[in-house]
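Structure first, then comments.
The values are calculated or read from the model by the stated rules, or taken from the named source; none is laboratory data. These figures come from a predicted structure and were not determined experimentally. Please note: Cβ atoms are built from the backbone with ideal geometry, for glycine as well, and neighbour counts cover all protein chains shown. We work out accessible area using only protein heavy atoms, side chains counted, and drop any ligands, DNA or RNA first. Shrake-Rupley method; radii C 1.70, N 1.55, O 1.52, S 1.80 Å.
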Amino acid sequence: MVNKIFFGLVLLGVPISVIGSFLHWPSVIMFIVYCLTIVALAGFMGRATESLAIVMGPRIGGLLNATFGNAVELIISIFSLKAGLVGVVLASLTGSVLGNLLLVAGLSFFVGGTKYKRQKFNVFDARHNAGLLIFAVIVAFVIPEVFTQDMNESSTMSLSVGISIILILLYLAALFFKLVTHRGVYQHTEKTEEHEEEVPEWSRKKAIIILAAATLAVAYVSEKLVHTFSEVGETFGWSELFIGVIIVAIVGNAAEHASAVIMAYKNKMDVAVEIAVGSTLQVAMFVAPVLVLISLMYPTHMPLVFTMPELISMVTAVFLMIMISNDGETNWFEGLTLLAAYFIMGIGFYLL
């Protein structure tokens with residue numbers, strides 16, 4: 001059902017996106033069309049990546065998920081940087097962290113918890129991820145804020161570039177740790193059996209063609225979407241911060257959000273938690289630093305310095321997620337707690 005809706009949206013959305021941009025249709029209408037089209041295209045990218053992961057094995061599959069998991073958001077952010085919208089990019093990174101840890105995990109725990117009294121997942125995974133979350137969000141994002149108080153623009157950028165390189169290297173080391181040297185430790189036996197029985201939806205060739213076509217289409221639509229931000233913001237009274245934290249983050253990760261909730265409903269909590277937390281780590285340790293380095297190619301550079309509301313929200317989300325997930329089991333009330341935190345922060349960002 002969802003796949004048919006996505007197929008229909010792509011079939012209608014891509015041509016309308018092209019025609020509407022040529023004929024200069026109203027920005028608000030085009031903003032809605034672009035968002036829906038990107039969400040549908042992200043769904044196709046997710047399905048293609050899953051098929052390739054099954055065909056090519058768990059190691060390459062893990063790497064593919066790491067690369068394409070946040071591809072949509074990365075593309076939107078690159079075009080935002082090109083347009084000089086550094087505030088929107090930083091806000092969308094904040095939104096991704098909050099969205100994954102509070103909205104995605106919260107919905108997953110809540111939906112799964114309404115069907116099952118208690119849902120369990122790999123406690124060793126949860127503890128391993130907890131350490132990485134504290135490093136990626138609290139150490140790597142708070143340190144630049146503290147140290148750059150008395151720095152000039154050039155020194156701030158140098159510190160941001162240094163931290164970005166360290167983050168990318170540690171992220172690659174984390175992938176190597178999980179997928180190669182400690183692969184057995186972080187994988188249940190049942191998971192391996194499930195994986196062997198899985199049948200890919202599409203063949204390798206078909207999945208690669210769909211992935212390439214969807215990525216190109218997302219790149220085109222994302223560029224058009226970025227140009228509607230200022231007019232949409234003025235029309236609805238949304239700040240740059242709100243557009244980044246809520247709108248861009250949800251659009252960029254919509255397909256991922258849906259698959260995490262579906263997995264939780266099927267009681268595959270290891271996968272649901274991995275999507276929520278794994279995606280957060282991708283954003284903090286890979287997407288954010290890559291964007292800092294890419295911004296060096298444009299006139300407006302992006303330092304890894306967030307506003308105080310963004311930082312406090314992310315730190316709070318990390319601690320709340322760690323406290324709730326550290327015992328390796330969840331229920332619907334814990335999901336509701338995470339969702340409540342997300343809505344409190346959402347109201348705050350809307351009113352800023």
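When you scan segment 40-129 for helices (runs of 4 or more DSSP H) that lie fully inside it, which ones turn up with 1 or more residues that are at pLDDT 85 or above? So that I can check it myself, show each step before the final result.
On the way: elements: 58-68, 71-82, 86-98, 105-115.
Of the helices (runs of 4 or more DSSP H) lying wholly inside segment 40-129, those with at least 1 residues that are at pLDDT 85 or above span 71-82, 86-98, 105-115.
Condition (residue is assigned to a helix (DSSP H, G or I), under 22 Å from the mean Cα position of the chain (by Cα) and modelled with pLDDT of 90 or more) applied to segment 24-32: is it met by at least one residue?
Residues of segment 24-32 assigned to a helix (DSSP H, G or I): 27-32.
Add one more test, that the residue is under 22 Å from the mean Cα position of the chain (by Cα), and what stays is 31-32.
Remaining after also requiring modelled with pLDDT of 90 or more: 31-32.
Scanning segment 24-32, I find at least one residue that is assigned to a helix (DSSP H, G or I), under 22 Å from the mean Cα position of the chain (by Cα) and modelled with pLDDT of 90 or more, so the answer is yes.
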Task: Among (1) crowded, with 21+ Cβ neighbours inside 10 Å; (2) assigned to a loop (DSSP other than H, G, I, E, B) - the single one S313 does not satisfy - done: (2)
Open item on the list: Filter segment 316-336 down to the residues that are open to solvent by 10 Å² or more (accessible area, probe 1.4 Å) and touching a Gly at 6+ places or on another chain (Cβ under 8 Å) and list them by number.
Closed with: N331, W332, F333, E334, L336
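I'd like the full set of residues that are of a type in the set (V, I, T) and open to solvent by 10 Å² or more (accessible area, probe 1.4 Å), limited to segment 32-48.
Start the filter on segment 32-48 by keeping residues that are of a type in the set (V, I, T), which leaves 32-33, 37-39.
Across segment 32-48, the qualifying residues are I32, V33, V39.
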Open item on the list: Between a residue in segment 241-270 that is touching a residue at least 24 places away in the same chain (Cβ under 8 Å) and any residue that is open to solvent by less than 20 Å² (accessible area, probe 1.4 Å) and acidic (D, E), which pairs come within a Cβ distance under 9 Å, given they are 6 or more apart or on different chains?
Closed with: L241/E310; V245/E310; V248/E73; A249/E73; V251/E73; G252/E73; N253/E73; D270/D125
- [ ] Working only within segment 33-61, note down all residues that are more than 15 Å from T228 (Cα to Cα) and under 17 Å from the mean Cα position of the chain (by Cα).
- [x] V39, A40, L41, A42, G43, F44, M45, G46, R47, T49, E50
Task: Residue that is farthest from G106 (Cα to Cα) [pool: residues in segment 337-352 that are open to solvent by less than 50 Å² (accessible area, probe 1.4 Å) and under 19 Å from the mean Cα position of the chain (by Cα)] - done: F349
Task: Of residues in segment 214-250 being over 19 Å from the mean Cα position of the chain (by Cα) and among the acidic types (D, E), the one farthest from N70 (Cα to Cα) - done: E234
Open item on the list: What's the total number of residues in segment 298-310 that are open to solvent by 20 Å² or more (accessible area, probe 1.4 Å) and closer than 16 Å to G99 by Cβ?
Closed with: 1
Task: Condition broken by L36, with the remaining ones in (1) farther than 23 Å from Q282 by Cα; (2) in contact with a Lys or Arg (Cβ under 8 Å, 6 or more places away or on another chain) satisfied - done: (2)
